[in-house]
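Okay, so here's the structure we're looking at.
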Amino acid sequence: MTRLEPHWDHNLGHGTLGEVAYKIGDLDAAERHFVFVRENLEDWGRNENMDLLAELWSKKGKKDEARNLLLEGMRQVRELTQTSEYLSDRKRYAGEYQTRRETFLRLFPGEAEAISKAGLPENITKLINE
């Protein structure tokens with residue numbers, strides 16, 4: 001995998017390498033690649049690798065980081081939904097929001113209240129038609 005890194009030095013490449021590393025159990029490499037995506041992708045909250053990063057951090061005992069990553073990702077996706085002028089984008093964003101939310105609830109069962117305390121709704125489908 002390290003042979004590919006110099007050739008895949010972009011967000012998609014790091015995301016793919018992170019997924020492979022995660023699947024083979026190399027959590028340190030996976031974390032490095034996912035953090036690269038988080039730090040270099042403007043709308044990182046939409047990226048499905050953030051679910052894997054949150055899961056990884058949760059496994060490593062970095063529960064607060066995982067929780068904050070998902071909440072901030074949901075916040076970012078909600079804002080994108082509110083500001084997008086295209087219905088097709090708003091629909092896609094609503095699905096991405098739900099995915100981040102489902103990951104949060106799976107990793108932190110019984111903490112649904114944290115989502116509402118963060119000012120985030122149960123779903124953002126009403127924003128699609130606004």
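The values are calculated or read from the model by the stated rules, or taken from the named source; none is laboratory data. Not measured: the values here are computed from a predicted model. Glycine also receives a Cβ, built like all others from the backbone with ideal geometry; neighbour counts cover every protein chain displayed.
General remarks:
- Yes/no for residue 115 being in contact with a Phe, Trp or Tyr (Cβ under 7 Å, 6 or more places away or on another chain) and at pLDDT below 95: no
- Hey, residue 71 assigned to a helix (DSSP H, G or I) and modelled with pLDDT under 95 or not: no
- Some residue of the stretch 37-56 being out of contact with any Leu (no Cβ under 8 Å at 6 or more places or on another chain), at pLDDT 95 or above and over 24 Å from residue 17 (Cα atoms): no
- Contact map, the stretch 101-124: first residue free of Cβ contacts under 8 Å to residues at least 40 places away in the same chain, second residue of a type in the set (Val, Ile, Thr), Cβ cut-off under 9 Å, separation 6 or more or different chains; pairs are 101/115; 105/115; 122/115.
- Qualifying residue in the stretch 2-9 (condition: β-branched (Val, Ile, Thr), out of contact with any strand residue (DSSP E or B) (no Cβ under 7 Å at 6 or more places or on another chain) and farther than 18 Å from residue 124 by Cβ): yes
- Across the stretch 88-96, a minimum of one residue is classified as out of contact with any Gly (no Cβ under 8 Å at 6 or more places or on another chain), in contact (Cβ under 8 Å) with a residue 12 or more places away in the chain, surrounded by fewer than 16 Cβ atoms within 10 Å (Cβ to Cβ) and over 27 Å from residue 17 (Cα atoms).
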